[in-house]
Amino acid sequence: MSLSNPPAPSVPALLDAQNIVISQLEAQVSAADAVVAVAHEKMVAAVSEHELAVDAARRARDALASIKGTFARVGALSNSLLAASAGRPPRVLNPDVLAEIFTAWNALPLMQGSTRLAPPFVAASVSRQWRSVALAMPSIWCRLVINWANLYGAEEYIGLVLDRSRDRPLDVHLRNVPAAAISQASISDRRSVQVLARTGSLTLGFTADTIDLDTSFLPLLQCAMPVLESLTFLPIHADHVADIHLGIRILTLCSNLRVLALSELFMDFLSPHTLPNIEKFSITAPVMDEDMHVIARAWPKLQELSIGRVLPPHGASAALTADFGNLRTLHCTATFGPLKCMCPQGVPVLRDVTLLYCADTLRQFEQFIGRSMTAEFSSLESITLIGTEGLIEYQDLWTSVAAALPKLSTLELRMFSTRSLQLFFEYWSVRRHLSLPPKLHTLHLNRCTFDETSTRMLVEWLAARQETAAAVPQNARPLGEIRISQYAWPGDEDCIFPEWMVHRLEQLVRHVEVSTVWGF
């Protein structure tokens, strides 16, 4: 008995199978794209947190230098007073000297793990003289730190600060604020409102929980804060605010507010027209196209703007562009950001721009420049490009815009990988690109990763740029400064710029600065 061959599948059946396979693959591609987008947003948030940490370290170094200078002055003053104090106890310092010490001591920046035992409280506990001097200085009692993880004695502590600071505005830091059930804490709403009414600068950090709007601290921000000038929400994970129902408006009674960092809170929490004095604003949550136009109209004094993704407008079309007449600094922290809502004529004094180094953002920047009547962006003096490993496309993204920046004098490359650096300088080293941009004076490589190849390509580009500038000075000026700022851990020696190459850089560039901060 012979077996017959199975019937061949029909053409419609084959087409159906192909469509099923294609649909499944398209679904996988969409899912992969979504994962990439989420990972990118997390990377941007991590970069923001790292920037805060770097800024804290910088302020700590500045404060240390300040207090060293103060103690040097104190030493000189003590020597001059020594002869005149022969009849007094030698251990008693002049009140003016103590005041200098207390002021410098209190100026030290807050560390994340610091306790409530602040310098003025310590000073007031040493002796009667120290206490007398400390209580006579309301300026050192203006910092109020409340950590909801330890509220023992908080009401008394708040009362002392309010009383001893007299009528001075307070610098308030609220940490680990419960995302819900705030009323169960030992600080009453009455006391919180009392503090907010005296607050000049507020830093607010929530616990890592989903925010319950009705029972969180946020509704208290509807109270009058007449002296508030700066408000910073510490980074909040987007998942913890995504489900908050809207309708509440905060900060409507803070007409003197100048600096506002919203983190992941939505623009819908604000009534921008009630904040006419905003000069600096940042937000990591997505905003609508319409929000950009509202901000432009409501905040004419805005000088610095940091913003992520701008979502398409509701309806068929949007207004052409928004004008920011006083904007000087723009940070675009995500792809498809605010540049699509702007044109060079609408930002006539813009000097400093930060962009993600990826195709979408650079193309948007090209389109932004293309809206200029001269096809140039002549006001820009400084640009920062942030490396985006995983989003980088292997093509020339920099020289395509460098030609349209005739007055650019400073370029910073931040967090570039070795491969990104190699590609960047490979394209920039092409002879017709070496003179771009023509006025470049300072190159700053900030937290970039080096290997032998990227180091070599940087040096080769520097040599070629300087030769080109010397040969045709009317087309480009020589680079005058290069700075390399590095953060490394023991064992990362192969990932940083080698010290032995610094002398080679000094042959090529007048001013060279290579600094490495080591973690432990």
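If I filter the range 163-183 for residues that are in a helix (DSSP H, G or I) and modelled with pLDDT of 85 or more, do I get at least one hit? Show your work before the answer.
Pass one, the range 163-183, residues in a helix (DSSP H, G or I): 163-164, 182-183.
Of the ones still in play, those that are also modelled with pLDDT of 85 or more are 163-164.
Checked against the condition, which is being in a helix (DSSP H, G or I) and modelled with pLDDT of 85 or more, the range 163-183 yields at least one hit.
When the range 152-179 is filtered for residues that are small (G, A, S) and in contact with a Leu (Cβ under 9 Å, 6 or more places away or on another chain), only S165 remains. Total residues in the range 201-236 satisfying the condition of being buried (at least 17 other Cβ atoms within 10 Å of the Cβ), at pLDDT below 85 and part of a helix (DSSP H, G or I): the figure is 1.
Test E499 against the criterion of being at pLDDT 95 or above, open to solvent by 30 Å² or more (accessible area, probe 1.4 Å) and in contact with a strand residue (DSSP E or B) (Cβ under 8 Å, 6 or more places away or on another chain), and give yes or no.
Values: at pLDDT 95 or above: no; open to solvent by 30 Å² or more (accessible area, probe 1.4 Å): yes; in contact with a strand residue (DSSP E or B) (Cβ under 8 Å, 6 or more places away or on another chain): yes.
Taking the combined requirement at face value, the residue does not satisfy it.
All conditions in (1) assigned to a loop (DSSP other than H, G, I, E, B); (2) open to solvent by 70 Å² or more (accessible area, probe 1.4 Å); (3) among the hydroxyl-bearing types (S, T, Y); (4) modelled with pLDDT under 80 hold for S80, with the sole exception of (1).
Out of S188, S192, I need the residue that is over 27 Å from I101 (Cα atoms), crowded, with 18+ Cβ neighbours inside 10 Å and either hydroxyl-bearing (S, T, Y) or modelled with pLDDT of 85 or more (or both). Which one? Give the steps one after another, and end with the answer.
On the way: S188 fails: crowded, with 18+ Cβ neighbours inside 10 Å.
Residue meeting the stated conditions: S192.
Whether any residue in the range 211-220 is more than 24 Å from T274 (Cβ to Cβ), touching a residue at least 24 places away in the same chain (Cβ under 8 Å) and small (G, A, S) is what I want to check. Give the steps one after another, and end with the answer.
Applying the first criterion (more than 24 Å from T274 (Cβ to Cβ)) to the range 211-220 yields 212, 215.
Now restrict to residues that are touching a residue at least 24 places away in the same chain (Cβ under 8 Å): 212, 215.
Filter once more, keeping what is small (G, A, S): none.
No - not one qualifying residue is present in the range 211-220.
Scanning the range 344-377 for residues that are among the acidic types (D, E) and in contact with a helix residue (DSSP H, G or I) (Cβ under 8 Å, 6 or more places away or on another chain), we see that the one that is nearest to S282 (Cα to Cα) is E366.
For every residue, the table says whether it meets (1) buried (at least 16 other Cβ atoms within 10 Å of the Cβ); (2) closer than 21 Å to S230 by Cβ; (3) not small (G, A, S).
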{"residue": "E264", "(1), (2), (3)": "yes, yes, yes"}
{"residue": "P276", "(1), (2), (3)": "no, yes, yes"}
{"residue": "I295", "(1), (2), (3)": "yes, yes, yes"}
{"residue": "A298", "(1), (2), (3)": "yes, yes, no"}
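Once the range 163-185 is narrowed to residues that are surrounded by fewer than 18 Cβ atoms within 10 Å (Cβ to Cβ) and over 30 Å from the mean Cα position of the chain (by Cα), the residue that is farthest from V97 (Cα to Cα) is A181. What do you reckon, is L380 among the hydrophobic types (A, V, I, L, M, F, W, C), in contact with a helix residue (DSSP H, G or I) (Cβ under 8 Å, 6 or more places away or on another chain), open to solvent by less than 60 Å² (accessible area, probe 1.4 Å) and free of Cβ contacts under 8 Å to residues at least 60 places away in the same chain? For L380, the condition - among the hydrophobic types (A, V, I, L, M, F, W, C), in contact with a helix residue (DSSP H, G or I) (Cβ under 8 Å, 6 or more places away or on another chain), open to solvent by less than 60 Å² (accessible area, probe 1.4 Å) and free of Cβ contacts under 8 Å to residues at least 60 places away in the same chain - is not met. Across the range 439-452, the number of residues qualifying as surrounded by fewer than 19 Cβ atoms within 10 Å (Cβ to Cβ) and assigned to a loop (DSSP other than H, G, I, E, B) comes to 3.
Here is a yes/no grid of residues against (1) open to solvent by 30 Å² or more (accessible area, probe 1.4 Å); (2) at pLDDT 90 or above:
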{"position": "L339", "(1), (2)": "no, yes"}
{"position": "R351", "(1), (2)": "yes, yes"}
{"position": "T374", "(1), (2)": "yes, no"}
{"position": "L397", "(1), (2)": "no, no"}
{"position": "K407", "(1), (2)": "yes, yes"}
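So, in the range 123-158, exactly how many residues are within 25 Å of R175 (Cα to Cα), assigned to a helix (DSSP H, G or I) and open to solvent by less than 50 Å² (accessible area, probe 1.4 Å)? Adding up the residues that qualify gives 7. The single condition from (1) loosely packed, with under 13 Cβ neighbours inside 10 Å; (2) assigned to a strand (DSSP E or B) that Q507 fails is (2). Scanning the range 384-392 turns up no residue that is in a helix (DSSP H, G or I) and under 25 Å from V459 (Cα atoms).
The values are calculated or read from the model by the stated rules, or taken from the named source; none is laboratory data. Note that this is a predicted model, so its numbers are computed, not measured. Note that we place each Cβ from the backbone using ideal geometry, even for glycine, and neighbour counts take in every protein chain shown. Surface accessibility is based on the protein's heavy atoms, side chains included, excluding ligands, DNA and RNA. Shrake-Rupley method; radii C 1.70, N 1.55, O 1.52, S 1.80 Å.
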